[in-house]
Amino acid sequence: MLIFANPHHAQHEGRQEMFRGRLVPCHETPSRLEHVMAELARRPVGPVQDPPPVERAVLERVHAPRYLDFLRTAWEEWVALDPANAALDALPSTWPVRGFRHDIEPSNFAARMGLYSYDAGTPLTAGTWVAAEAGAACALAAAQAVSGSRGTRSATALTRPPGHHAGFDFFGGYCFLNNAALAAQALRDAGAGRVAVLDVDYHHGNGTQSLFYGRPDVLTVSIHGDPRTEYPFFLGHADERGKGEGLGFNLNLPLPAGTGFGEWRAALQFALQQVREFAPEALVVALGVDTYEGDPISRFRLASDDYFQLGRDLASANLPTVFTLEGGYAVAAMGVNVVNVLEGFEG
Ligand code: SP5
Ligand code: ZN
């Protein structure tokens, strides 16, 4: 297992996210990745490397050019509004709504923050672009590593901010660039005819789903908390099966809050069966460990030891596999849980 770790992840350090009318400390912190790195030092599963730099054109395979430009320059614009802003995060507070908007892109910064986002829980900070870009580089390096007949069997992008909630031209859910989607597209571009993305984060992979919804070449599967009660709420229902040529190539497996490993694993087995029937040439696993029983913002009940079994089950697909790191907010347990998956996968 090759591991590409984001050398710049700590530059993305949000202070606060909006929750019930208050700004509360961010759950998505640099310490998350530091715990994974520390556990990997105790239990190495493979060499840890820096990724090579990413090319803009590769990011444009998934994201809108004007969205990328916005992310790259947003912090400068934010500070230019008022030098005192340098001590604050930028958070959106106004959004376009369906049926009540014009195509004209506003020049106002707050308006464009809203145009390119969908929640007030995802602060943009001084180092967000540098961290997100280097994270995407990890995902792309991992995809390259498993590509072709001489590729390694598996590679992991150990990175934050996470990616699976980010879409063509929007950030949200702590995510800016969709690392799993970038990996899947890179695998396609490197010659894989069909690629499957299996998202096991607690939250529905709404960004990834939206990116591939009309495409039959990338199967997207997500196991997650029922969006009737769980974030991101507006997508992730079982009847979302894809559209046009992509009809039948999206699968959502929502489960109720409180679900334990037995039922969760049954959903995983079904998901893996669907992946097998799709017969992909590569697999991307959007690996969130916020399914853990101790997670502070999520409500499944997986125990640390269950993550070994998750790793073994994923290995049974017998495919070149890229892991991208998504959620997981029980910070102290996060290292153990992630490394358990990778160890279980390695066998
Ligand atoms: C990648 C990922 O897992 N993103 C999840 C984003 C969830 N954002 C909304 C969380 C709201 C929960 N806030 C609880 C605060 C309790 N103090
Ligand atoms: Zn999550």
If one takes the longest principal axis of the Cα atoms in the chain, at what angle in degrees, from 0 to 90 and to the nearest 10, does the Cα axis of helix 30-42 lie?
-> 30 degrees
Per residue of the range 216-231, in order, report the coupling 6.51 cos²θ - 1.76 cosθ + 1.60 (Karplus, θ = phi - 60°) as ³J(HN,Hα) in whole Hz, putting x for Gly and Pro.
-> x, 8, 10, 7, 10, 10, 9, 10, 6, x, 4, x, 4, 10, 10, 3
Additional length obtainable on full extension of the chain from ALA80 to GLN269, 0.36 nm per residue less Cα span | 62.9 nm
Whole-Hz Karplus couplings 3J(HN,Hα) for the range 51-59, θ = phi - 60° and coefficients 6.51, -1.76, 1.60, Gly and Pro as x, run x, x, x, 9, 8, 3, 4, 6, 5
Just check the range 280-328 against the gyration tensor rule for me: Cα atoms, a ≥ b ≥ c as the square roots of the eigenvalues, rounded for a/c under 1.5, and otherwise prolate or oblate depending on whether a/b exceeds b/c.
-> oblate
Once both label points are put 7 Å beyond Cα along the C-beta direction, the ARG15-PHE234 separation in nm becomes 2.8 nm
Counting DSSP beta bridges with both ends in the chain, the antiparallel % (nearest 5) | 20 percent
What are the semi-axes of the equivalent ellipsoid of the range 254-308, taken as the square roots of 5 times the eigenvalues of the Cα gyration tensor, listed largest first and rounded to whole Å?
-> 23, 12, 10
Listing TYR213, TYR174 from the residue with the fewest other Cβ atoms within 10 Å to the one with the most, what is the order?
-> TYR213, TYR174
Report ³J(HN,Hα) in whole Hz for each residue of the range 91-101, in order, from the Karplus equation J = 6.51 cos²θ - 1.76 cosθ + 1.60 where θ = phi - 60°; Gly and Pro get x.
-> 10, x, 9, 9, 9, x, 10, 4, x, 9, 8
Calculated FRET efficiency for the pair ARG43/VAL97, C-beta based, R₀ 35 Å, to 0.05 | 0.15
With labels modelled as points extended 7 Å from the Cα through the Cβ direction, what inter-label distance (nm, one decimal) is found for GLU60 paired with THR152?
-> 3.1 nm
Per the C-alpha gyration tensor (a ≥ b ≥ c, the square roots of its eigenvalues), the range 34-178 is rounded if a/c is under 1.5, else prolate if a/b beats b/c, else oblate; here it's prolate
In nm, what is the difference between 0.36 nm times the number of residues separating ASN108 and ALA279 and their Cα-Cα distance?
-> 56.8 nm
In whole angstrom, the spacing between the Cα centers of the range 273-334 and the range 156-229 equals 13 Å
Using the eigenvalues of the Cα gyration tensor, what equivalent ellipsoid semi-axes result for the chain when each is taken as the square root of five times the eigenvalue, whole Å, largest first?
-> 29, 22, 21
In degrees from 0 to 90, rounded to the nearest 10, what is the angle of the helix 261-278 Cα long axis to the longest principal axis of the chain?
-> 80 degrees
Can you tell me the 0 to 90 degree angle between the C-alpha axis of helix 331-346 and the longest principal axis of the chain, rounded to 10?
-> 40 degrees
Residues meeting the amide H criterion for VAL197 (H placed from the backbone, H to H distance under 5 Å, 5 or more places apart or on another chain) are LEU219, THR220, VAL221, VAL284
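Where a number appears in this text, it was derived from the coordinates with a stated rule and is not lab data. Quick caveat, the model's predicted, so the values are computed rather than measured. Cβ coordinates were reconstructed from backbone atoms using ideal geometry, including for glycine residues, and neighbour counts include every protein chain displayed.
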